[in-house]
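Reading through the structure tokens given below for one structure.
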């Protein structure tokens, strides 16, 4: 019995089909990986100010779509929109030129992004880290954690420990001039319980800003202390903490806003409206010298927006808070609806 060998043309056709299939599969895999790992936002305008001697960098993390097989971590409603709005304000209004937006991040994604950020930091840089998502407090040892989207129940090995976050931020603080963590999760105050600056006298003189700009800073603004925090403030599409954070940054008319001023204003606004008190302080042991992270306002033509990539995200119906609650506790009262005279700040 003889077997007819395929012709050269047929061989080429088969090879071409295999190559096309391989390229298609590779493209799909890379697309999914890029959507998972984050978005690099490139700003068209660089901050030009004598006090901004380095690059303004930010890593922004927002987690909505939790995949917990034990169903302990419900999806959130506003963490992704919070992170996108924060990235937009920093890029368009405050001259941040190195901004990475990480959405629905796994534990590995968060740790890799922190390491990549650390590798890019240069002397005199100002580095901001923002996290919105679930948080967890182990009451047996009083240790706090960030909860990534691939967390499994109360398995601590699938969380990101506060001690790990502090270690990475300490390395960044050693290399940069100014470091600021904004943590919008439950129990985020455990990150700063060992260090606090207290009240700082207000001084608007340029010489004061020159002085604090030259001193190293390692600061934290947390959405709450050792407490639960809400997810959606009055159907605004933002958590209470990020709602008032964005309000302060957007409506700020001063050319320079310090992190201490920002933290104090946000804390007052949140505490006046919900049962939650944000806290501010320093990153303990990171070499803080009573300097200040400075938000320097820039004027950017609205016709030349930052080149941002928009990612489609399917959001499931979440529960209303960024934590895991005891089901036997009384549910929290629903927030009152806005009247016609009380319109929430639009999502940026």
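With respect to the numbered conditions (1) farther than 16 Å from residue 217 by Cα; (2) at pLDDT below 95, which one is the sole condition not fulfilled by residue 108?
(2)
Are any residues in region 268-286 in a loop (DSSP other than H, G, I, E, B), at pLDDT 85 or above and either over 20 Å from the mean Cα position of the chain (by Cα) or at positive phi (or both), and if so, which ones?
If the condition is that a residue be in a loop (DSSP other than H, G, I, E, B), at pLDDT 85 or above and either over 20 Å from the mean Cα position of the chain (by Cα) or at positive phi (or both), then 272, 273, 274, 275 are the ones that fit.
Out of region 197-229, which residues are assigned to a loop (DSSP other than H, G, I, E, B), at pLDDT 65 or above and loosely packed, with under 14 Cβ neighbours inside 10 Å? Break it down into steps so the answer makes sense when it comes.
Taking region 197-229 as the starting set, the residues that turn out to be assigned to a loop (DSSP other than H, G, I, E, B) are 197-205, 215-216, 223-229.
Next cut, at pLDDT 65 or above only: 203-205, 215-216, 223-224.
Answer for region 197-229, where residues must be assigned to a loop (DSSP other than H, G, I, E, B), at pLDDT 65 or above and loosely packed, with under 14 Cβ neighbours inside 10 Å: 203, 204, 205, 215.
For region 97-108, state whether one or more residues are buried (at least 20 other Cβ atoms within 10 Å of the Cβ) and over 27 Å from residue 158 (Cα atoms).
For region 97-108, residues buried (at least 20 other Cβ atoms within 10 Å of the Cβ) and over 27 Å from residue 158 (Cα atoms): absent.
Quick one: would you say residue 264 is part of a helix (DSSP H, G or I), farther than 17 Å from residue 213 by Cβ and either modelled with pLDDT under 90 or over 19 Å from the mean Cα position of the chain (by Cα) (or both)?
Criteria met by residue 264.
Residues checked against (1) closer than 22 Å to residue 170 by Cα; (2) surrounded by 19 or more Cβ atoms within 10 Å (Cβ to Cβ); (3) within 14 Å of the chain's Cα centre (by Cα):
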| residue | (1), (2), (3) |
| --- | --- |
| 50 | no, no, no |
| 61 | yes, yes, yes |
| 72 | no, no, no |
| 120 | yes, no, no |
| 139 | no, no, no |
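The values are calculated or read from the model by the stated rules, or taken from the named source; none is laboratory data. Worth saying up front: this structure is predicted, and the values here are computed from it rather than measured. Virtual Cβ from ideal backbone geometry, glycine too; neighbours counted across all protein chains shown.
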